[in-house]
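Working notes, structure below.
The values are calculated or read from the model by the stated rules, or taken from the named source; none is laboratory data. Keep in mind that what you see is a predicted model, and the values were worked out from it rather than measured. Here the Cβ is made from the backbone with ideal geometry for all residues, glycine too, and neighbour counts use every protein chain on show.
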């Protein structure tokens, strides 16, 4: 379930890339930036899921760590709240008081939310291109790419822990790559760092509550993402497999737009439902 959640959370990136669908070259970059996250997660699952099913590697280590830390006295105060959630709490409260909850209202607000996402990302793409000079772009990409992507991973972890949402981190990367400010190889390690950053937030929350089951799940999530980086990133040829797959899919998508929708529906709807059906 944790591995599936890692894949499912990337749906926002795919939606974000659709804001550039009418501009072929921009969309190619945006869609590649969105799907590189999918391919990394799928690659990680392909490696680690068989090991977990056969040997219980991740769950076994997580249970041992849980037993070790249960005796430690942690501060049980509530973990820091996301500044994003604090900022949106007031307007959400206003809307909740103004409207009557119903399926129709939910659909209207879903549509409005998607419209705002597309508008915001389109404006980010347009304005960032004007703000950042070519020399700044080169410096940014060179710095982020240092250490085989280590700097980018640390940036992704730091930003995600700060905003407490990997979706925010990765969704912002899509317009930056679409605008040509970040290259796909530079954005890729930040995306991977966001995977780790979101598990740190969950781990801190579970330590505050200190329930063994929740702590074990949080540790499994962290181990999964850290193990994926440790396996995939050291060797350049292996590290770049998700990048090459994302670039190939994006190149196909600009020639045949229907591929985008088939891909999204298959990955985020058909395959999960098929998996549930087969298990039952």
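Suppose we keep only residues that are in contact with a helix residue (DSSP H, G or I) (Cβ under 8 Å, 6 or more places away or on another chain) and in a loop (DSSP other than H, G, I, E, B) within region 52-74. Which one would you say is modelled with the highest pLDDT?
The qualifying residue modelled with the highest pLDDT is 70.
Would you call residue 260 surrounded by 16 or more Cβ atoms within 10 Å (Cβ to Cβ) and over 30 Å from residue 60 (Cβ atoms)?
Considered against the rule, which asks whether it is surrounded by 16 or more Cβ atoms within 10 Å (Cβ to Cβ) and over 30 Å from residue 60 (Cβ atoms), residue 260 comes out as yes.
Would you be able to say whether some residue in region 190-206 is more than 11 Å from the chain's Cα centre (by Cα) and within 21 Å of residue 143 (Cα to Cα)?
Checking region 190-206: not a single residue is more than 11 Å from the chain's Cα centre (by Cα) and within 21 Å of residue 143 (Cα to Cα).
Could you list, ordered by first residue, the pairs with Cβ atoms under 8 Å in which the first is in region 149-174 and within 10 Å of residue 189 (Cβ to Cβ) and the second is at pLDDT 90 or above and outside any helix (DSSP H, G or I), at least 6 apart or interchain?
Correct list of pairs: 149/233; 153/233.
Among 183, 201, 191, which is the only one that is farther than 14 Å from residue 246 by Cβ and touching a residue at least 24 places away in the same chain (Cβ under 8 Å)?
201
Table: residues versus (1) crowded, with 18+ Cβ neighbours inside 10 Å; (2) at pLDDT 95 or above; (3) out of contact with any strand residue (DSSP E or B) (no Cβ under 7 Å at 6 or more places or on another chain).
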residue: 7; (1), (2), (3): yes, no, yes
residue: 14; (1), (2), (3): yes, no, yes
residue: 17; (1), (2), (3): yes, no, yes
residue: 22; (1), (2), (3): no, no, yes
residue: 28; (1), (2), (3): yes, yes, yes
residue: 31; (1), (2), (3): yes, yes, yes
residue: 40; (1), (2), (3): yes, yes, yes
residue: 44; (1), (2), (3): yes, yes, yes
residue: 48; (1), (2), (3): yes, yes, yes
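Checking residue 221 against (1) more than 17 Å from residue 36 (Cβ to Cβ); (2) more than 14 Å from the chain's Cα centre (by Cα); (3) at pLDDT 90 or above, which test does it fail?
So the condition that residue 221 fails would be (2).
Could you run through region 2-35 and say how many residues are part of a helix (DSSP H, G or I) and within 30 Å of residue 216 (Cβ to Cβ)? So that I can check it myself, show each step before the final result.
The initial filter retains those residues of region 2-35 that are part of a helix (DSSP H, G or I), namely 2-8, 11-20, 24-35.
If we keep only those that are within 30 Å of residue 216 (Cβ to Cβ) as well, we get 2-8, 11-13.
Looking only at that region, the number is 10.
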